[in-house]
Amino acid sequence: MMARVDHVATSGTFELDGGSWDVDNNVWIVGDDSEAIVIDAAHDADAILAALGDRTLRAIVCTHAHNDHVGAAPALAEATGAPVLLHPDDLPLWKQTHPHLVPDGELSDGQTLTVGGEELTVLHTPGHAPGAVCLYAPGLGTVFTGDTLFQGGPGATGRSFSHFPTIIDSIRDRLLSLPPETVVRTGHGDTTVIGDEAGQLEEWVARGH
């Protein structure tokens, strides 16, 4: 069975620094007909469960711990028995949403997760959040970037725990070196490809955050 990428769109609010914004999130499900992992359990555990069907969920991977990306993770974990995985540098953000819970496991740079015969490599890409990660799946020709890289630019860095020079370094060093045809599947909005974003780096730096 070939591994594939399924997409679920969920809606809710993003809350940080006392503000609240309505957002639409991309939830990515990677796997085959028997097993899968979920990347970013956003807002609606029931919608994610419906998309999973009867597949075994191997892990719930958090690209970072902003509430709109981890809000449904505990409910999804409870329903499936799958572990929630997060880079430890994002624990302070996680605690803002789930003060009485801790993730089940840690993500680390260079770690590999295997599902449906495909390997996904964890790339630590701080900047939008200290523990932000991307997941590169060369066999699928794609990278899941959370809120690190979007179509047209880097993720926001104007709020707590974020840093513009750091996100630029992460994108330059960890993402733009991937093959230019690599599909970028983002945490919000449309997909893009690495090659289309690589030529814009100098413009982003000049524009600042």
Quick check on this structure: which one of Asp169, Asp147 is in contact (Cβ under 8 Å) with a residue 24 or more places away in the chain, in contact with a Gly (Cβ under 9 Å, 6 or more places away or on another chain) and within 21 Å of Ile60 (Cβ to Cβ)? Asp147
Report yes if some residue within the range 146-164 is modelled with pLDDT of 95 or more, assigned to a strand (DSSP E or B), buried (at least 22 other Cβ atoms within 10 Å of the Cβ) and out of contact with any helix residue (DSSP H, G or I) (no Cβ under 6 Å at 6 or more places or on another chain); otherwise report no. yes
Top-ranked residue of the range 44-96 - restricted to ones that are buried (at least 19 other Cβ atoms within 10 Å of the Cβ) and among the small types (Gly, Ala, Ser), ranked as nearest to the chain's Cα centre (by Cα): Ala65
Residues of the range 148-162 satisfying the condition of being touching an Asp or Glu at 6+ places or on another chain (Cβ under 9 Å) and closer than 18 Å to Val27 by Cβ: Leu149, Phe150, Gln151, Gly155
For the range 1-37 the number of residues that are aliphatic (A, V, I, L, M) and either over 17 Å from Asp190 (Cβ atoms) or not in a strand (DSSP E or B) (or both) is 8
Residue ID - nearest to the chain's Cα centre (by Cα), chosen from residues in the range 118-168 that are closer than 27 Å to Glu181 by Cβ and charged (D, E, K, R): Asp147
Are any residues in the range 171-188 surrounded by 14 or more Cβ atoms within 10 Å (Cβ to Cβ) and in contact with a strand residue (DSSP E or B) (Cβ under 8 Å, 6 or more places away or on another chain), and if so, which ones? Ile171, Arg174, Leu175, Leu178, Thr182, Val183, Val184, Arg185, Thr186, Gly187, His188
Of all residues in the range 105-126, count the ones that are touching a helix residue (DSSP H, G or I) at 6+ places or on another chain (Cβ under 7 Å), in a loop (DSSP other than H, G, I, E, B) and either free of Cβ contacts under 8 Å to residues at least 24 places away in the same chain or not β-branched (Val, Ile, Thr) (or both). 1
Residues that are assigned to a strand (DSSP E or B) and under 21 Å from Pro92 (Cβ atoms), drawn from the range 127-145: Val133, Cys134
Candidates Thr10, Thr63 - the one that is β-branched (Val, Ile, Thr) and farther than 17 Å from Thr148 by Cα: Thr10
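One line per residue, one yes/no per condition, for (1) in contact with a Leu (Cβ under 9 Å, 6 or more places away or on another chain); (2) surrounded by fewer than 18 Cβ atoms within 10 Å (Cβ to Cβ):
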site: Gly105; (1), (2): yes, yes
site: Thr125; (1), (2): yes, no
site: Gly131; (1), (2): yes, no
site: Tyr136; (1), (2): yes, no
site: Asp190; (1), (2): no, yes
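The values are calculated or read from the model by the stated rules, or taken from the named source; none is laboratory data. Fair warning: this is a prediction, and the values are worked out from it, not measured in the lab. Note that each Cβ is placed from the backbone with ideal geometry, even for glycine, and that neighbours are counted across all protein chains shown.
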